[in-house]
Structure formats: C-alpha cells, structure tokens
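I have placed the structure first, in the form of structure tokens, so that the comments after it can refer back to it.
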Amino acid sequence: MNGIELPIVLTAGIVLLLLFCVGFIGIKIKIPGVILYILLGIVIGGLFTDNHLLYIAGEIGIILLFFMLGMEFPVKRLIQVAKKIAPAGFLDVLLSLGVTTAICLLFGLDWITAFLIGGIAYATSSSITAKMLESSKRMANPESEYMLGILIFEDLVAPIVVAILVGLTAGDGVTGLDFSIIVLKIVLLTVFAVLLGTKVFSKLNRFCDKYVTEDVFILFIVGIALSYGGLALYLDLSEVLGAFLAGIILAETKRTEPIDQLLLPIRDLLLPLFFLYFGTSIVFGEIPMLPLLIIVFVWSIIAKIIIGIVGGKWFGLSKKVSLRAGLSMTSRGEFSVIIASLATAPIALFSSIFILASATVGIVLFVYAPKITNKIYPKKIKVKETAAT
C-alpha cells in the first residue's frame, strides 16, 4: 500500500476480506460479484496501483479459468465448433472492429487511433462472460457453445490486433512479414497443443486415475496450465489463448471431472483478484470526446446483439436463443484493457470509461437476457381441446 507499509500477508488478508464483503453483498442484493469486484478495485485503486503480487495472483486466476474452459473442448469437439463458428466470427470482426473504426474515422480521428478504439470495442470479455455463464448455471444452455466459440475466435484474432497496434503505436509499423509471423505462432502453438493432447495425453488415462487423489497431482495440472500460458506470452501472444490450449491438451485424458474438482477452489480464490486489479487500472478525469464515446458504446452493444441474432442463426440456434446469446456478449474486459494500455492519456481515459460502462451494462444485460427474450418470444402454451361428451 502507498503511504503505509504493511506486511504482505496482512495486505493479502485485508484484500480477501474486502472481496468477501462485496461478494457477500452481491449475493444478498443479487448483483454479480464480478462488477462489485471491479468497483472495489476503482475505490481502492490508489492503494494498489502497480501491485505486482495482486497482478500475478489475478493472472493465475484467469489462466485457470480458461484452462478449465479448454478442458470442455476435446479436439474433435473443438473442430466441430470451429467449422460452425467461422462465419459468425468474421461477422464479429467486421461489425465490432471494422464498423467501430469507421465511426471513429468519421469523427475525424487519425486511422491509428480509430483502429485502436475499434480494437478496444472488438473483443467480448472472455473472463466476465465465462464466469457469468458458469455462475448463472447457463453453461448447459444451447447458446453457451456458440458464445464460447465466439470467445475462442476473438481470442485468436485479438492477439493479432494487439501486435499490429504495438507496431503502429511504436511508430515502427507492421509489415506483411510481421503479420505472417504472428499468425504462424498461433497456428504452431495450436498444432503443438493438438499433437500433445492426441498423441501423448490421450495415453495418460491410467496415470490420472492412479494419482489424481494425490496432493502432488495438482502441481502437475497447474504447472501445465501456467507453462503453456507462459509459452504463449513468450511468443507475444495471449496467456488466455495458451491456457485454453492447455485445457484442450488435458481434455484428451478424458478425466476432466476430477481435475475440475481439484482446480475449482484455487480458481475461485484467485479469479476475483483479476477483476479487482482490472478496477485498479481505471483512472478517471475529464471525459474526452463524449459524443463519440456514447456512439461507440451504443454501437458496441448493437453489434454484439446483431452477431448473436445473425451468427446464432448461422450456427443453428433458434431466434430466441440467438437473441439471448447476443444480449449476453456485450461486456468488454481484459483484451480491451491490454489495448487501452497502448493509448495516450486522453484515449486511455476514454477507453477506461468505455470498458467500465460496457462491463457494467453487459453484466446487467446478461442477467436479464432470459427475461428479455421470454418477453419478445413468449412460450407458446398448447391448449388441449377435449371433445364434448
């Protein structure tokens, strides 16, 4: 903490107790803990700015979240989803990234800044959406596979967008070769994960059965998740992508249920710290370009709803389920924060306000998506007619 030097253990204890308090309040007033953790981060941001321990703990939490998500997608299932999700994924790029960039250009921004804001508005928050799907018990709903497919597609595209922006904002530019290298890294990392899963880990069924109850086994599992996430970072890609691929590797053991039970307490302990840290990164001041901010914010929601409705139909979902998916994908989060960190001070503030508003409204829309869709597409009640006797 700034100003007062407290022992790390005491600081950690205070943070966990604060998280418990706001999480408990969230349970009582029926507000998702995610948004309360972010708001808590904003309130105590001055005390924990650039706190390395908080950052690392949150990173591990988000890595475990996506590692566990990856375990839900063995290679065969992933291929099936990829084939079905590609059209909707490209529509997402066009509407969320392309149209947003065009709107910014119409407001007179230079094309680098416009593309940067487009990047911020592009990717749905995988962490918020995945956590909300799980906590609301909607993971088994028909739209969850489509939504997770979109998140995966975005996690593949977003690192490319980040890498391009890093080159552009540094003034070095990005050549065709640089772009090709980024894509090649993603392909190689994915292919290596598939080969590891299908050729090596698919043969470790008995090993898992024998040692899954041993204390040391959790070191093996978490080590794989962090190592592959770290490998992705080493390659200048997203640790979220690496963690998801690590989950795919472990999925081939066909022993994901006991592994889930091992990781769940650790993930639930560390994941709130990610949202807390996200909140501490938001710094307020005079709001720049307010009209543009409002338009980009509104369009970002409309774009995701369109992607849900149109892309969901392409994916094979009903109109009602497609709309529910679109309403549930409007939050922005971790990738938007990464891109915003590349911006100058005024654009960084613009981005922080957009991300916070998007995360807040997105969570509210997620919670009320079933009720909204039920009102628009009410259940048809079949009335049985009985013959008069």
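The values are calculated or read from the model by the stated rules, or taken from the named source; none is laboratory data. Everything numeric here is computed off the predicted structure, so don't read it as measured data. FYI the Cβ positions are ideal-geometry reconstructions off the backbone, even for glycines, and counts take in every protein chain you see. Side chains are part of the model used for accessible areas, which takes the heavy atoms of the whole protein and leaves out ligands, DNA and RNA. Shrake-Rupley method; radii C 1.70, N 1.55, O 1.52, S 1.80 Å.
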The correct count of residues that are touching a Pro at 6+ places or on another chain (Cβ under 9 Å) and either among the β-branched types (Val, Ile, Thr) or without any contact (Cβ under 8 Å) to a residue 24 or more places away in the chain (or both) in segment 319-344 is 1
The condition from (1) in a helix (DSSP H, G or I); (2) within 27 Å of residue 363 (Cβ to Cβ); (3) open to solvent by less than 60 Å² (accessible area, probe 1.4 Å) that residue 112 misses is numbered (2)
>> When you check residue 282 against the structure, is it at pLDDT 90 or above and β-branched (Val, Ile, Thr), yes or no?
In response: no
So, first residue closer than 12 Å to residue 124 by Cβ in segment 142-158, second residue among the β-branched types (Val, Ile, Thr) and surrounded by fewer than 21 Cβ atoms within 10 Å (Cβ to Cβ), Cβ within less than 6 Å, six or more apart or across chains; the pairs are 149/81
Only one of 128, 60, 42 is closer than 30 Å to residue 318 by Cβ, open to solvent by less than 50 Å² (accessible area, probe 1.4 Å) and touching a helix residue (DSSP H, G or I) at 6+ places or on another chain (Cβ under 9 Å), namely 128
Given (1) at pLDDT 90 or above; (2) open to solvent by 10 Å² or more (accessible area, probe 1.4 Å), residue 197 misses just (2)
Do we find that residue 182 is touching a Cys at 6+ places or on another chain (Cβ under 9 Å) and open to solvent by less than 60 Å² (accessible area, probe 1.4 Å) in this structure?
no
Across (1) crowded, with 21+ Cβ neighbours inside 10 Å; (2) modelled with pLDDT under 80; (3) not β-branched (Val, Ile, Thr), residue 135 clears everything bar (1)
Picking from 228, 211, the residue that is in contact with a helix residue (DSSP H, G or I) (Cβ under 8 Å, 6 or more places away or on another chain), hydroxyl-bearing (Ser, Thr, Tyr) and either modelled with pLDDT of 90 or more or open to solvent by less than 40 Å² (accessible area, probe 1.4 Å) (or both) would be 228
Checking 90, 67, 107 in turn, the sole residue that is buried (at least 17 other Cβ atoms within 10 Å of the Cβ) and among the aromatic types (Phe, Trp, Tyr) turns out to be 67
### Message
Yes or no: segment 298-319 includes at least one residue that is farther than 27 Å from residue 45 by Cα, touching an Asp or Glu at 6+ places or on another chain (Cβ under 8 Å), part of a helix (DSSP H, G or I) and open to solvent by 20 Å² or more (accessible area, probe 1.4 Å).
### Response
no
When you check residue 266 against the structure, is it assigned to a helix (DSSP H, G or I), open to solvent by less than 10 Å² (accessible area, probe 1.4 Å) and at negative phi, yes or no?
no
